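Each reported figure results from applying straightforward, stated rules to the coordinates on display, with no laboratory input. Bear in mind that the values here come from a model prediction, so they are computed numbers and not experimental data. Using ideal geometry, Cβ is built from the backbone for each residue, glycine included, and neighbour counts are taken over all protein chains shown.
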Amino acid sequence: MIQAAISTVEASVDDVDPVQLFQVCVPGLGIGFRNGDLVMLKDQTGLGEAIMAQNPAQEPGAVEDAFRLILRWIGEDPDRDGLRETPARLRRSFQEYFHGYRQDPAHLLNTTFEETDGYDEMIVLRGIPFQSHCEHHVAPIIGRAWVAYVPDRRVVGISKLARVVDAYAKRLQIQERLTAQIANAIDHSLRPQGVGVVIKAVHHCMVSRGVHKQGADLVTSRMLGCFKDNPMTRTEFLSTVASGVET
């Protein structure tokens, strides 16, 4: 069924509006990942139903056929030597780009420690690098995250904070939601006195395309608990963000 549908689309490339075809074949626009399954998000051509609900691990050929069709659509020959393995590489790359859908951030924060000798001051992990993709154009978002919390008896291994950032970043995202998800996950799992998250990122949807604004970055923040209620705590955290990161 899948192969027949792909063949139908390939045979009809010249008859289908390119925008509609792109929406059917590109994850995040026409089809996408949800809970590890390939599912339809919208279908304006009527050709996308046959690609629904296929697990990429079980049906890698369907994903590769979709990428092969896109290569034809842009004017390339997917069968030439330089591109013959590109659909398979793209499939593997997309699995890496979006592996956050297969991670549970709450599980990453399950292991905590109480042997802190009463430590109750701010903990800040600064300048965590991440790469994500915007959900509107599937363009890269490249940035850093500053993550802080004030513990209430329990602390978590610092590597877990970085892993939580990646678990949410490795999905189709907008930066505002990414910032909130990281803060909310830490707040829900650790129940600290407060959480603060700041993200600074460059969005290639406005750097490599569209308005082409080189050098612009987006800054978002989420403050919970004492970071929101106590101006001194918030100022202390923001001063660590402003001080930059040594490389």
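What shape does region 207-247 take by its C-alpha gyration tensor, where a ≥ b ≥ c are the square roots of the eigenvalues and a/c under 1.5 counts as rounded, a/b above b/c as prolate, and the rest as oblate? Oblate is the answer for region 207-247, as a/c is 1.5 or above yet b/c matches or exceeds a/b.
The convex hull built on the alpha-carbon positions of region 104-242 has an orientation-averaged projected area of 8.1 nm².
Potential lengthening of the chain between S159 and I174 amounts to 3.0 nm, from the contour at 0.36 nm per residue minus the alpha-carbon distance. Per-residue packing, averaged as other Cβ atoms within 10 Å, sorts the ranges 192-205, 97-110 into the order 192-205, 97-110, beginning with the highest.
If you average the alpha carbon positions of region 106-165 and of region 188-247, how far apart do those two centres end up, in angstrom? Taking the Cα centre of region 188-247 as reference, the centre of region 106-165 is 12 Å away.
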